[in-house]
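Comments concern the structure below.
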């Protein structure tokens, strides 16, 4: 009985660890997506779609710059997922595994998988017993080198092709989202975005939206972006229309919370 309980606790611990890693990775890439996306959007808004594609122009430079920032999304996602699992030692192996994921065109899915691989690879490397005098060597040499090498080789030679095929299938499926299908998917993603105010369900919708953007379909993320603003606005309106149901501090908070939307 005790053995079963230990196995259950271990399983729960692993799931929580994976959840923490994924949420950490997604949280850290949000500013990158905002920066890259806004720079590209400004280039298109100011110079137009055609003007931003003319070589040597300011518009084209900004559009390319924004696209290059977004190109870092997979390595950063992978790196911070690994960081969430194995702490600072997993950061560089995670980035390296993310570069491998980019190289084999495995997309957002590859970034998530490579982050888990690098994170757990370093986690197991940290279980190696060593003299405290070699702590610096382990952190500067062993963990980054062998963590990057092992996780990179796993991505390139073991699971790279299946993950790339999975990503290709996702891209193909996303390209079919039109009309009624897009509306239904938008409703689902919108509901997920508002469900737990930045929790796991919200992050899952966000991750799917990012994967869709990388696949060339902005519909899912547009639904997410539109829906995520609703809770803050709804709370502000509610505190203004029905103040008797709220504490004074909540009413004061409600006056500015719409800005978070």
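The values are calculated or read from the model by the stated rules, or taken from the named source; none is laboratory data. No experiment lies behind these values; they were computed from the predicted model shown. Because the Cβ atoms are built from the backbone with ideal geometry, glycine has one as well, and the counts that use them run over all protein chains shown.
Would you confirm, using the coordinates I've provided, whether residue 104 is crowded, with 19+ Cβ neighbours inside 10 Å, over 12 Å from the mean Cα position of the chain (by Cα) and closer than 15 Å to residue 156 by Cβ?
no
In the stretch 127-142, how many are modelled with pLDDT of 90 or more and assigned to a loop (DSSP other than H, G, I, E, B)?
Residues meeting the conditions: 1.
Inspect all residues belonging to the stretch 249-258 and state whether any of them is assigned to a helix (DSSP H, G or I), under 27 Å from the mean Cα position of the chain (by Cα), in contact (Cβ under 8 Å) with a residue 24 or more places away in the chain and surrounded by fewer than 16 Cβ atoms within 10 Å (Cβ to Cβ).
Within the stretch 249-258, none of the residues are assigned to a helix (DSSP H, G or I), under 27 Å from the mean Cα position of the chain (by Cα), in contact (Cβ under 8 Å) with a residue 24 or more places away in the chain and surrounded by fewer than 16 Cβ atoms within 10 Å (Cβ to Cβ).
Of all residues in the stretch 155-205, count the ones that are outside any helix (DSSP H, G or I) and closer than 28 Å to residue 75 by Cα.
Selection size over the stretch 155-205: 7.
Given 80, 120, which one is under 19 Å from residue 213 (Cβ atoms), out of contact with any strand residue (DSSP E or B) (no Cβ under 8 Å at 6 or more places or on another chain) and assigned to a helix (DSSP H, G or I)?
80
Kindly evaluate residue 121 against the criterion of being buried (at least 17 other Cβ atoms within 10 Å of the Cβ), in contact with a helix residue (DSSP H, G or I) (Cβ under 9 Å, 6 or more places away or on another chain) and farther than 22 Å from residue 102 by Cα.
no
Would you pick out the residues in the stretch 174-212 that are within 22 Å of residue 110 (Cβ to Cβ) and modelled with pLDDT under 75?
Result: 174, 175, 176, 177, 200.
One line per residue, one yes/no per condition, for (1) over 26 Å from residue 17 (Cα atoms); (2) touching a helix residue (DSSP H, G or I) at 6+ places or on another chain (Cβ under 7 Å); (3) crowded, with 17+ Cβ neighbours inside 10 Å:
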| residue | (1), (2), (3) |
| --- | --- |
| 112 | no, yes, yes |
| 117 | no, yes, yes |
| 135 | no, no, no |
| 166 | no, yes, no |
| 173 | yes, no, no |
| 193 | no, yes, yes |
| 205 | no, yes, yes |
